[in-house]
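Q: Shown below is the structure under consideration.
The values are calculated or read from the model by the stated rules, or taken from the named source; none is laboratory data. Everything quoted here is computed from the prediction, not taken from an experiment. All Cβ positions, glycine included, derive from the backbone under ideal geometry; neighbour counts span all protein chains shown.
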Amino acid sequence: MLVLKKIIYLLLFVHIAVSSAYANRCDTQLFTATLNSELTISDVVENLADECGLSLLVKDSEAKKKLSEKLYFVKMNNASLNEFLDTVLLENDLSYVLGDSKLKISYLTTQTFKLHYIAGDRKGTSNAHVTIANSGASGGQGQQSGGGAQGAGQEGSDSGNGSKTGVSIESTDEFKFWSKIEQEIHALINRPEDAYTAPTPVVNAEAGMITVTGTSKQLQRVSYYIDTLHKQLKNQVLIDVKILSVTFDDSYTTGVDWNQLYSLQNMSLATASTLQNNISAFSAITDGELSIGDTTSTPNAEPKRSGAVITRGSTKINDVVKFLKTQGDVKSISNPKILTLNNQPALISVGNELFYKIQSTSLLQGGSGLGTQQTGETIDSVFAGILLDITPEISEDGTITLKINPSISDTIDTVSTTTTGSRTIPPDLSRKQISSVVTLNDGEHVVLGGLISSKSGTKISKVPLLGDLPLLEHLFKREVNVDTVDELVLIITPHIIKKDKVLSLEDLGYKKLNDEY
């Protein structure tokens with residue numbers, strides 16, 4: 001049995017029971033100790049160093065001040081040496097390093113944390129921009145860019161009396177990871193109850209390192225935060241998207257009758273409200289104006305037009321496709337599969353880029369104050385097709401929240417060109433957009449519909465061979481003007497990919513090559 005005695009304060013009584021045969025080695029002993037209110041931290045550490053044969057080193061003046069504080073009351077039963085020091089030092093915001101028979105104590109510690117993430121900021125922009133004319137004293141050319149490290153778009157400005165006319169629709173998801181984490185950690189290590197005000201952490205985005213100086217408790221908070229953040233960032237979601245087009249021959253139809261989904265067996269439904277925009281005039285729309293409103297799911301509620309339907313239970317995608325075939329002619333436009341990190345936008349684009357020329361005029365100032373007018377041509381473009389922006393978020397209970405922004409644009413009339421094959425004016429576009437936020441479980445399907453467009457065309461029916469004979473073809477051929485209605489339907493299925501899971505072809509959605517809808 002070992003007894004630690006304090007020379008100055010006779011009221012101190014510390015009883016340490018050794019349950020190991022190696023009495024001279026403290027790292028193999030268990031301690032039972034009762035420390036009264038007359039004892040300071042320094043008293044306990046000095047006596048422990050004497051009994052265990054340790055060299056004691058106090059590394060900074062703040063640690064010396066902290067060691068002079070009283071412990072008030074501490075009681076430990078069968079504690080190891082590290083547990084003993086954790087209770088006496090770490091609980092009093094002091095750090096220590098024990099090794100080679102040396103005990104080093106400090107109040108401030110500098111620690112470097114590793115966080116593996118791409119350097120730079122990531123910005124995803126869904127942009128539809130049409131410029132009609134551009135003129136000015138010193139004109140600037142607009143630019144947009146999206147996605148990638150340090151990706152940032154900036155639109156050129158016109159000065160003087162210049163002007164730019166057109167339409168711009170933009171949806172932006174920006175993820176400034178490293179700048180935000182510096183601010184968050186600095187706020188985390190400087191709380192009102194902290195006696196020490198820690199400096200701003202040193203962040204090296206290229207090396208994936210964050211260096212923090214602070215007390216033991218401050219570093220513990222940072223360590224817990226980074227560990228939790230790292231787990232969240234490494235979660236991945238595989239998003240399976242099926243883009244289908246349902247064509248109706250009846251021009252008076254209002255689209256798919258989603259109420260008939262209830263006739264399907266083994267299907268449980270929920271709905272979520274969405275916002276739909278039909279763009280028909282020159283305007284500027286930002287994310288702030290695309291407010292989503294009520295996004296809560298309503299189990300067993302009737303689906304809404306232009307809404308989101310969540311299928312649960314044993315429902316398969318084939319069941320939904322078979323239902324759509326009862327409504328009209330179903331065609332598969334695209335079936336992309338994309339793997340993205342948690343809270344990172346996945347951008348899917350299917351369509352055509354239509355280029356056209358812009359006539360620009362600028363006034364160049366000369367040295368004598370006289371200006372010369374200069375004209376030129378620039379190339380711009382508009383996108384016609386389907387643009388889908390999906391951002392997943394995985395919660396602790398395993399549910400997935402999806403922010404879905406699909407947009408469809410199409411030319412209103414046939415795109416005209418000059419004799420040289422170039423376009424001098426942008427084509428007229430019709431645009432429809434839905435914004436929705438839904439919550440569903442891993443493997444469930446969300447069905448989005450309501451993006452309806454009308455088209456006019458000619459349907460030709462003829463007798464084989466005879467309908468192709470010159471002069472006689474009109475006797476054996478019939479042409480009928482047909483108005484059709486198309487509705488775009490999106491079936492989105494998210495899957496959580498665990499960190500230690502190896503993806504197979506089946507996980508990616510590839511099964512038999514002869515599978516048909």
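Q: Could you please find all residues in region 450-477 being surrounded by 12 or more Cβ atoms within 10 Å (Cβ to Cβ), out of contact with any Asp or Glu (no Cβ under 6 Å at 6 or more places or on another chain) and in a strand (DSSP E or B)?
A: Selection gives Gly450, Leu451, Ser454, Lys455, Lys462, Lys477.
Q: Quick one: what pairs do we get from region 215-232, first residue touching a residue at least 40 places away in the same chain (Cβ under 8 Å) and not assigned by TED's automatic domain parsing to the domain that holds Asn342, second of a type in the set (Asp, Glu) and in a loop (DSSP other than H, G, I, E, B), C-beta under 7 Å, 6+ apart or different chains?
A: These pairs meet every condition: Thr215/Asp93; Ser216/Asp93; Lys217/Asp93.
Q: Follow-up. Pull up region 97-121, narrow it to residues that are assigned to a loop (DSSP other than H, G, I, E, B), of a type outside the set (Gly, Ala, Ser) and surrounded by fewer than 13 Cβ atoms within 10 Å (Cβ to Cβ), then point me to the one that is farthest from the chain's Cα centre (by Cα). Outline the logic, then answer.
A: Of all residues in region 97-121, those assigned to a loop (DSSP other than H, G, I, E, B) come to 100-101, 107-108, 115-121.
If we keep only those that are of a type outside the set (Gly, Ala, Ser) as well, we get 100, 107-108, 115-118, 121.
If we keep only those that are surrounded by fewer than 13 Cβ atoms within 10 Å (Cβ to Cβ) too, we end up with 100, 116.
Numbers: Asp100: 47, His116: 16 Å.
Per the stated criteria, the residue is Asp100.
Q: Restricting to region 196-210, give me the number of residues that are polar (S, T, N, Q) and part of a strand (DSSP E or B).
A: So the answer is 1.
Q: Do you know which residues across region 80-96 are surrounded by fewer than 18 Cβ atoms within 10 Å (Cβ to Cβ) and either β-branched (Val, Ile, Thr) or touching a strand residue (DSSP E or B) at 6+ places or on another chain (Cβ under 8 Å) (or both)?
A: Of everything in region 80-96, those that are surrounded by fewer than 18 Cβ atoms within 10 Å (Cβ to Cβ) and either β-branched (Val, Ile, Thr) or touching a strand residue (DSSP E or B) at 6+ places or on another chain (Cβ under 8 Å) (or both) turn out to be Ser80, Asn82, Glu83, Leu90.
Q: Can you tell me which residue in region 473-499 is farthest from the chain's Cα centre (by Cα), limited to those that are more than 17 Å from Ile452 (Cβ to Cβ) and of a type in the set (S, T, N, Q)?
A: Once the filter is applied, the top-ranked residue is Asn481.
Q: Please give the number of the condition Leu56 fails out of (1) more than 15 Å from Thr215 (Cβ to Cβ); (2) modelled with pLDDT of 90 or more; (3) within 49 Å of the chain's Cα centre (by Cα).
A: (3)
Q: Are any residues in region 39-96 part of a helix (DSSP H, G or I) and of a type in the set (D, E, K, R), and if so, which ones?
A: Asp43, Glu46, Asp50, Glu51, Glu62, Lys64, Lys65, Lys66, Glu83, Asp86, Glu91
Q: On the given criteria, is Gly376 assigned by TED's automatic domain parsing to the domain that holds Asn352, over 14 Å from Asn352 (Cα atoms) and at pLDDT below 80?
A: Criteria met by Gly376.
Q: From the set of residues in region 179-221 that are on the phi < 0 side of the Ramachandran plot and touching a His at 6+ places or on another chain (Cβ under 7 Å), which is surrounded by the most Cβ atoms within 10 Å (Cβ to Cβ)?
A: Within region 179-221, the match that is surrounded by the most Cβ atoms within 10 Å (Cβ to Cβ) is Pro201.
Q: Spot the failing condition for Gly53; the list is (1) free of Cβ contacts under 8 Å to residues at least 40 places away in the same chain; (2) at positive phi; (3) not aliphatic (A, V, I, L, M), and only one is missed.
A: Checking Gly53 against (1) free of Cβ contacts under 8 Å to residues at least 40 places away in the same chain; (2) at positive phi; (3) not aliphatic (A, V, I, L, M), the one that fails is (1).
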